[in-house]
Amino acid sequence: MKILVINGPNLNMLGIREPGIYGSQSYAALVAFVSDVCAHHGIEAEFFQSNHEGAIVDAIQAAYGVMDGIVINPAAYTHTSVAILDALKAVSIPAVEVHLSDVSAREPFRQVSYAGMACEATFAGHGFDGYRMAVEYLIEHHG
Ligand code: CA2
């Protein structure tokens, strides 16, 4: 099984600012954490991070026919991007949404998720562990 892990804008800045909301660990630490989870389960993982909406759409399209699952934290694009929603629907690869913070308890604009409309499950508010939950969801349902 091959999983693509997509992280959206500013998540490359993890650990640098706002540790109270997003934790104090870096993006490299997140990649290491998810890599370990995937290795533990004997599955392959690829990672993609971009600050650009179109680049994320391109990465989703490139996963078509190649990846068996997508774990996606679209970051701010969660709440705005119909293009990412449409790309997820177009490739029809099982996808799971992750948020480090509990978006349901934050500002009202963070409680709308376009990408989530194309995802089978959402894990929010669990920090890095939400990515483990998403990977294990995909293994359980599509492995
Ligand atoms: O909780 C999440 O994972 C979010 O997807 C993070 C996004 C936010 O726009 C979503 O509403 C919820 C923001 C990511 C910004 O990451 C930062 C990292 C370091 C310093 C500042 C921001």
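The values are calculated or read from the model by the stated rules, or taken from the named source; none is laboratory data. Remember, predicted model here, so these are calculated numbers, not experimental data. Here the Cβ positions follow ideal geometry from the backbone for every residue, glycine too, while neighbour counts run over all protein chains shown. The protein model used for the area step is the full one, side chains on, heavy atoms only, and it has no ligands, DNA or RNA in it. Shrake-Rupley method; radii C 1.70, N 1.55, O 1.52, S 1.80 Å.
Mind giving me the FRET efficiency for Asp102 and Ala55? R0 is 25 Å, r the Cβ-Cβ distance, nearest 0.05 is fine. Working shown, then result.
Working: r = 27 Å, r/R0 = 1.09.
According to the calculation, E is roughly 0.40.
For Cα pairs less than 8 Å apart in space and 6+ apart in sequence, what is the mean separation divided by the residue count of the stretch 2-142, i.e. the relative contact order in percent?
Worked out over the stretch 2-142, it gives 26 percent.
Share of the chain's accessible area from carbon and sulfur, percent, 1.4 Å?
Working: 3550 of 6820 Å².
Reported share for carbon and sulfur atoms: 52 percent.
Measure out, as a whole number of angstrom, how far apart the alpha-carbon centroids of the stretch 71-143 and the stretch 5-38 sit.
After rounding, the separation between the Cα centres reads 15 Å.
With +1 on each Lys and Arg Cβ and -1 on each Asp and Glu Cβ, how big is the dipole of the stretch 2-142 about its Cα centre, in debye rounded to the nearest 20? Let's see the in-between values first.
Working: 6 positive and 15 negative charges, 49 e Å.
Computed about the Cα centre, the dipole is about 240 debye.
Using the Cα gyration tensor of the stretch 60-143, with a ≥ b ≥ c the square roots of its eigenvalues, what is the shape: rounded (a/c below 1.5), prolate (a/b larger than b/c) or oblate (neither)?
oblate
Would you grab the residues whose amide H sits under 5 Å from the one on Ser81? Only those 5+ places off in sequence or on another chain, please, with H modelled 1.01 Å from N.
Hits under the 5 Å cutoff: Tyr114, Ala115.
Hey, can you grab everything whose amide H is under 5 Å from the amide H of Asn10? Only 5+ residues off in sequence or another chain; H modelled, so Pro and N-termini drop out.
It is none; the list stays empty.
In deg cm²/dmol and to the nearest 500, what is the mean residue ellipticity at 222 nm of the chain if only DSSP H runs of at least 4 residues count, each as -39500 (n - 2.57), divided by the residue total?
Rounded to the nearest 500, the figure is -11000 deg cm²/dmol.
Which is farthest toward the positive dipole end of the chain among Tyr64, Thr78, Ala121, measuring Cα position about the Cα centre, with Cβ charges +1 (Lys, Arg) and -1 (Asp, Glu)?
The residue sitting farthest along the positive end of the dipole is Thr78.
Summarise the long-distance tail of P(r) for the stretch 2-142 by giving the % of C-alpha pairs beyond 17 Å.
Value for the stretch 2-142: 55 percent of Cα pairs lie more than 17 Å apart.
Which one, Asn51, Val135, Ala95, projects farthest toward the positive side of the charge dipole computed for the stretch 2-142 from Cβ point charges (K/R +1, D/E -1)?
The Cα lying farthest towards the positive end belongs to Asn51.
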